[in-house]
Amino acid sequence: MGMKRHSEDSNDPFFVAAHNTTTRQQCTQPDNDGVPEQTCAQQNHSPKLASFTSQNAPPVIPSFVALLLLVTSIAPAMCHPMQGNHTFRPPHELLKLRRVRAHLKRINKPPVKTIQSPDGDLIDCVLSHQQPAFDHPKLRGHTPLDPPERPREKNQTKVDRESESFQLWSDSGETCPEGTVPIRRTTEEDILRASSIRRFGRKPRAVRRDSSGSGHEHAVVFVNGDQYYGARASINVWAPSVSDEFEFSLSQMWVIAGSFGKDLNTIEAGWQVSPQLYGDNYPRFFTYWTTDAYQTTGCYNLLCSGFIQTNNRVAIGAAISPRSAYNRRQFDIGLMIWKDPKHGHWWLEFGSGVLVGYWPANMFSHLRSHASMVQFGGEIVNSRSRGYHTATQMGSGHFAEEGFRKAAYFRNLQVVDWDNSLLPLRNIHHLADHSNCYNIRQGTSNAWGTYFYYGGPGRNVGCP
């Protein structure tokens with residue numbers, strides 16, 4: 001479910017070294033993670049032998065000294081017979097690992113069942129009331145709500161539900177029990193790949209809609225100038241190549257309110273390839289939210305408290321399968337975000353009517369009432385780590401003009417109005433930060449409604 005195919009016809013043990021000698025540490029001040037920026041200087045205080053200078057010193061002293069030296073050299077080996085097999089780490093690394101494990105303890109909740117995914121992920125089935133959302137002060141004591149009223153379609157569009165698939169972890173046939181939610185387990189390695197523990201699970205700051213100067217590049221369509229209460233689209237799924245560990249490639253929709261300064265509110269959902277966040281190159285279903293322009297609030301998926309999951313079949317952050325291939329079968333996922341008219345919360349639907357959960361309205365400022373912009377499309381990070389434009393692909397890695405089976409697409413784009421009705425987009429704007437690297441072509445049809453092709457290879461002759 002949630003995926004549609006379209007044919008042409010349709011350590012731990014990190015060992016904390018226990019030294020025999022007394023160690024005094026002199027450390028620099030910690031950085032934001034509490035981890036010293038420099039290795040602590042150590043002063044080892046082992047027993048010192050007195051220097052006998054008296055001429056009357058008895059001749060037995062040299063023998064006593066030799067015996068004492070022999071004993072002190074043997075004692076450590078007797079106390080630590082396996083010492084040679086242990087990894088000794090500088091104190092600042094040990095401190096960071098302690099902080100990493102403390103963070104893991106906060107976000108990895110105790111499961112009642114764990115499912116091994118073919119891609120190596122561990123999916124923990126966590127009791128619903130123990131999920132990370134309820135760690136938030138505003139959500140303590142909150143009771144998950146019943147499903148809301150779904151938006152109505154004034155102009156019904158035909159949605160192809162052929163060969164609906166799901167996520168890779170569910171291929172085993174195992175599911176999480178009722179009353180639990182599936183959560184991808186975060187590992188030490190996941191956090192250590194981040195720039196800091198504090199920034200783990202967050203988008204880089206200074207992200208703007210026109211972000212050509214921030215290292216982020218887009219190929220998107222958007223609508224603004226009205227009040228929006230949701231959005232829906234079907235998003236073609238690919239596995240684009242990401243050429244740098246600290247870059248990503250994603251395809252998503254944004255529900256936006258506020259200004260592109262310090263008070264931007266967004267709710268986001270789609271798929272992404274992010275080696276830094278996940279440690280691989282699988283396209284993964286993701287969500288994001290922020291209330292302050294990606295500064296200190298919000299996160300990906302369930303890596304902080306905020307989003308309340310209500311479904312036991314969808315794991316946010318898990319790999320999507322199958323994926324599209326060039327000039328072969330095409331697959332897409334249907335996504336819808338809308339504001340519940342009764343309670344005002346923002347709900348997320350994945351696939352054909354599968355409710356994943358919701359973002360509570362009281363988490364936001366501007367989005368507490370409505371959105372002022374809706375945006376669809378692709379985004380990549382161009383780090384220029386080699387001194388020239390990245391070769392990270394967007395979409396399929398091919399330009400929009402190549403069309404179906406070759407370029408990536410969004411189809412059946414719609415927005416939700418004040419009356420909880422789905423409507424086609426009007427007054428559509430296009431934005432491609434660098435059209436020689438990634439571009440976009442929009443159109444309409446009876447079968448696909450409003451749609452567009454987008455993407456590109458990144459670095460090429462026209463994109464140096």
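Residues that are more than 17 Å from the chain's Cα centre (by Cα) and open to solvent by 60 Å² or more (accessible area, probe 1.4 Å) were ranked within segment 97-110; the one that is nearest to residue 180 (Cα to Cα) is 110. Is it true that some residue in segment 173-181 is assigned to a loop (DSSP other than H, G, I, E, B), among the small types (Gly, Ala, Ser), in contact with a strand residue (DSSP E or B) (Cβ under 9 Å, 6 or more places away or on another chain) and modelled with pLDDT under 90? The answer is no, given that none of the residues of segment 173-181 is assigned to a loop (DSSP other than H, G, I, E, B), among the small types (Gly, Ala, Ser), in contact with a strand residue (DSSP E or B) (Cβ under 9 Å, 6 or more places away or on another chain) and modelled with pLDDT under 90. Which of the residues that make up segment 325-355 are among the small types (Gly, Ala, Ser) and on the phi > 0 side of the Ramachandran plot? Across segment 325-355, the qualifying residues are 344, 351, 353. Summed over segment 352-389, the residues that are touching a strand residue (DSSP E or B) at 6+ places or on another chain (Cβ under 7 Å), of a type in the set (S, T, N, Q) and over 22 Å from residue 338 (Cβ atoms) give a count of 1.
Checking 383, 352 one by one, the residue that is polar (S, T, N, Q), part of a loop (DSSP other than H, G, I, E, B) and closer than 20 Å to residue 241 by Cβ is 383 and no other.
You will find that of 426, 368, 384, the residue that is surrounded by fewer than 19 Cβ atoms within 10 Å (Cβ to Cβ) and at positive phi is 384 and no other. Do we have residue 313 as under 22 Å from residue 114 (Cα atoms), of a type in the set (Lys, Arg) and modelled with pLDDT of 95 or more here? It is false that residue 313 is under 22 Å from residue 114 (Cα atoms), of a type in the set (Lys, Arg) and modelled with pLDDT of 95 or more.
Do you know which of the residues in segment 231-246 that are among the charged types (D, E, K, R) and outside any strand (DSSP E or B) is surrounded by the fewest Cβ atoms within 10 Å (Cβ to Cβ)? In this case the residue turns out to be 245. Is it the case that some residue within segment 324-334 is more than 29 Å from residue 199 (Cβ to Cβ), open to solvent by 10 Å² or more (accessible area, probe 1.4 Å) and of a type in the set (Ser, Thr, Tyr)? Yes, segment 324-334 contains at least one residue that is more than 29 Å from residue 199 (Cβ to Cβ), open to solvent by 10 Å² or more (accessible area, probe 1.4 Å) and of a type in the set (Ser, Thr, Tyr). Scanning segment 396-411 turns up no residue that is within 20 Å of residue 316 (Cα to Cα) and under 21 Å from the mean Cα position of the chain (by Cα). Taking the criterion of being under 24 Å from residue 143 (Cα atoms) and either in contact with a strand residue (DSSP E or B) (Cβ under 8 Å, 6 or more places away or on another chain) or crowded, with 24+ Cβ neighbours inside 10 Å (or both), the residues of segment 335-351 that qualify are 336, 337, 338, 339, 340, 345, 346, 347, 348, 349, 350. Among the residues of segment 355-368, those that are over 19 Å from residue 131 (Cβ atoms) and assigned to a loop (DSSP other than H, G, I, E, B) comprise 364, 365. Summed over segment 294-344, the residues that are under 30 Å from residue 408 (Cα atoms), more than 13 Å from the chain's Cα centre (by Cα), assigned to a loop (DSSP other than H, G, I, E, B) and small (Gly, Ala, Ser) give a count of 2.
Take residue 351 and decide whether it is of a type outside the set (A, V, I, L, M, F, W, C), modelled with pLDDT under 95 and under 17 Å from the mean Cα position of the chain (by Cα).
No, not satisfied.
Per the listing 315, 325, 361, 371, the residue uniquely of a type outside the set (S, T, N, Q) and in contact with a Pro (Cβ under 7 Å, 6 or more places away or on another chain) is 315.
Conditions tested, residue by residue: (1) open to solvent by less than 40 Å² (accessible area, probe 1.4 Å); (2) under 14 Å from residue 218 (Cα atoms); (3) part of a loop (DSSP other than H, G, I, E, B).
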| residue | (1), (2), (3) |
| --- | --- |
| 392 | yes, yes, yes |
| 406 | no, no, yes |
| 415 | yes, no, no |
| 419 | no, no, yes |
| 422 | yes, no, no |
| 437 | yes, yes, yes |
| 441 | no, yes, no |
| 447 | no, no, yes |
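Return the only residue of 225, 279 being out of contact with any strand residue (DSSP E or B) (no Cβ under 7 Å at 6 or more places or on another chain) and under 22 Å from residue 118 (Cα atoms).
On the way: 225 fails: under 22 Å from residue 118 (Cα atoms).
Testing whether each residue is out of contact with any strand residue (DSSP E or B) (no Cβ under 7 Å at 6 or more places or on another chain) and under 22 Å from residue 118 (Cα atoms) leaves just 279.
Does at least one position in segment 136-146 carry a residue that is among the polar types (S, T, N, Q), over 17 Å from the mean Cα position of the chain (by Cα), open to solvent by less than 20 Å² (accessible area, probe 1.4 Å) and modelled with pLDDT under 85? The answer is no, given that none of the residues of segment 136-146 is among the polar types (S, T, N, Q), over 17 Å from the mean Cα position of the chain (by Cα), open to solvent by less than 20 Å² (accessible area, probe 1.4 Å) and modelled with pLDDT under 85. Selection of first residues in segment 445-463 that are among the β-branched types (Val, Ile, Thr) and of second residues that are open to solvent by 10 Å² or more (accessible area, probe 1.4 Å) and in a loop (DSSP other than H, G, I, E, B), restricted to Cβ pairs under 9 Å at least 6 apart or on distinct chains, gives the following pairs, ordered by first then second residue: 450/425; 450/428; 461/436.
The values are calculated or read from the model by the stated rules, or taken from the named source; none is laboratory data. Given the structure is predicted, the values throughout are model-derived calculations rather than measurements. We place every Cβ from the backbone using ideal geometry, glycine too, and count neighbours over all the protein chains shown. The area values use the complete protein model at the heavy-atom level, side chains included, leaving out ligands, DNA and RNA. Shrake-Rupley method; radii C 1.70, N 1.55, O 1.52, S 1.80 Å.
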